[in-house]
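Asker: Got a structure here, written out as structure tokens. Questions coming.
The values are calculated or read from the model by the stated rules, or taken from the named source; none is laboratory data. Note that the coordinates shown come from a computational prediction; the quantities given were computed from them, not determined experimentally. All Cβ positions, glycine included, derive from the backbone under ideal geometry; neighbour counts span all protein chains shown. When the accessible area is computed, the model is the full protein with side chains, heavy atoms only, and any ligands, DNA or RNA have been set aside. Shrake-Rupley method; radii C 1.70, N 1.55, O 1.52, S 1.80 Å.
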Amino acid sequence: MKIEINKKEFIDALKNVELKGKWSGNSGLSSKSLGSFIYFEIDDGKLTIINADESTVVVRYITIETEDEGAFCLDVDLFKKYMNKMSDTITIDIGDVVTLTSEGKRATIPIVTQHPFLDRINAFIQYTLPTYSEDLTAIPRVGNVSPSCGIQLSGSDFIDAIESCEIVNNGIYRFDYYEEDDTSNAKLTISSAELNASYNETLTMLQDSGESATVLFSAPLHKFVDKKQNVNLFIGDDQPLILVTENGILFRANRMT
């Protein structure tokens, strides 16, 4: 398999699926990523980049020109080190190893035998996954997950709100969506609280649809979002959270109280 790709676009996509940032775990808040092994699939003129753990799947798409098909897995930390040394356009040749070439530069890196959460990845991509739409009248279903509402936000507002919540240093965030009723308009708030510290913000919704819902989540989900694009957020009480952008989808299990 061989593909040609723009370096900046590729590195940005890898950052999206790494989700590198502040994570809340059993031992408290720590800086890490979703995982260093990334799964790649080439099919129908599209490069699909996927990362996952036991409660998260992140999918990012890049359009490419190739008739080749196949899949492989790489250590993204090692891959990015070599990518950064290449010129703007890179040819990637996938065989027993992966070879990068660019304007006289050449690097060879090993392929990872298997992504540690390959079974979860394979199960997820078998679903009919929602794609980005400017119309939120249809709320998607993914497997057994049935969100009760959809909210469209600007990427910049979504990122700024979570970054502001990060100042609380708790790593757990709460979305509250209130549907329109006879006395008030629909609204969405995001908040985080830790002992005597807290932050909450009411976000401007570009569109919304569905019933009121509340969800708690952890992980730096804003790292998946581009400031220049809109994002469709789908949530439901006690349901995983789904984010859909113009070039990908993120699925994250909700955090129980």
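Asker: Mean 1/r over all different Cα pairs, inverted: what Kirkwood radius does the chain give, in Å? Display every interim value, and only then the final one.
Answerer: Values: mean 1/r = 0.0518 Å⁻¹.
Hydrodynamic radius (Kirkwood, Cα only) of the chain equals 19.3 Å.
Asker: While we're on this one: Sequence-distant or interchain residues sharing an amide H contact under 5 Å with residue 37, placed H: which?
Answerer: Close amide H contacts, sequence-distant or interchain: 76.
Asker: Between residue 214 and residue 99, what length comes free when the chain is fully extended (0.36 nm per residue of separation minus the Cα-Cα distance, one decimal in nm)?
Answerer: 36.7 nm
Asker: Nearest 500 deg cm²/dmol is fine: what mean residue ellipticity at 222 nm does the chain get from its DSSP H runs of n ≥ 4 alone, each adding -39,500 (n - 2.57), divided by its residue count?
Answerer: Using -39500 (n - 2.57) per qualifying helix, the result is -4500 deg cm²/dmol.
Asker: Based on the Cβ-Cβ distance from residue 64 to residue 30, what FRET efficiency comes out when R0 is 45 Å, to the nearest 0.05? Don't skip to the answer; put the middle values down first.
Answerer: Details: r = 35 Å, r/R0 = 0.78.
Efficiency, rounded to the nearest 0.05: 0.80.
Asker: Sticking with this one: Could you compute the net charge surrounding residue 31? Neighbours are other residues with a C-beta less than 10 Å from the C-beta of residue 31; K and R count +1, D and E count -1.
Answerer: +3
Asker: So, one more: Using Cα positions and a limit of under 23 Å, work out the lysines in reach of residue 187, with same-chain residues fewer than 8 apart set aside.
Answerer: Within reach: 227, 228.
Asker: Using a probe of 1.4 angstrom, how much of the accessible area of the stretch 45-123 is carbon and sulfur, in percent?
Answerer: Here it works out to 43 percent.
Asker: Remind me, relative contact order of the chain in percent, using alpha carbon pairs under 8 angstrom and six or more residues apart?
Answerer: It comes to 20 percent, rounded to a whole number.
Asker: Using a Gaussian network for the chain with springs between C-alpha atoms less than 10 Å apart, which of these wobbles most: 185, 26, 51?
Answerer: Taking springs between Cα atoms under 10 Å, the residue moving most is 26.
Asker: For a label point 7 angstrom out from the Cα of residue 114 toward its Cβ, which stretches of the stretch 57-78 have the backbone nitrogen within less than 17 Å?
Answerer: 71-75
Asker: On full extension of the chain, what length is gained from residue 156 through residue 246, given 0.36 nm per residue of separation minus the C-alpha to C-alpha distance?
Answerer: Working: separation 90, 0.36 × 90 = 32.40 nm, distance 1.44 nm.
That works out to 31.0 nm of additional length.
Asker: Set the Förster radius R0 to 22 Å, insert the Cβ-Cβ distance between residue 141 and residue 54 as r into 1/(1 + (r/R0)^6), and round the FRET efficiency to 0.05.
Answerer: For residue 141 and residue 54, the calculated efficiency is 0.50.
Asker: What shape does the stretch 186-257 take by its C-alpha gyration tensor, where a ≥ b ≥ c are the square roots of the eigenvalues and a/c under 1.5 counts as rounded, a/b above b/c as prolate, and the rest as oblate?
Answerer: It comes out rounded by the Cα gyration axes.
Asker: Going by amide H atoms built from the backbone, whose H comes under 5 Å of the H on residue 236, apart from near neighbours?
Answerer: The answer is 148.
Asker: Given axes a ≥ b ≥ c from the Cα gyration tensor, I'd like to know whether the stretch 102-142 is rounded (a/c under 1.5), prolate (a/b larger than b/c) or oblate.
Answerer: Since a/c reaches 1.5 but b/c is at least a/b, the shape of the stretch 102-142 is classed as oblate.
Asker: Something else about it: Compare the peptides 116-124, 150-158 by average per-residue count of other Cβ atoms within 10 angstrom and give them in order, highest first.
Answerer: Result, highest mean Cβ count within 10 Å first: 150-158, 116-124.
Asker: Set the Förster distance to 25 Å, then compute FRET efficiency between residue 167 and residue 204 from the Cβ-Cβ distance, nearest 0.05. Walk me through the intermediate numbers first.
Answerer: Working: r = 20 Å, r/R0 = 0.82.
Between residue 167 and residue 204 the formula returns 0.75.
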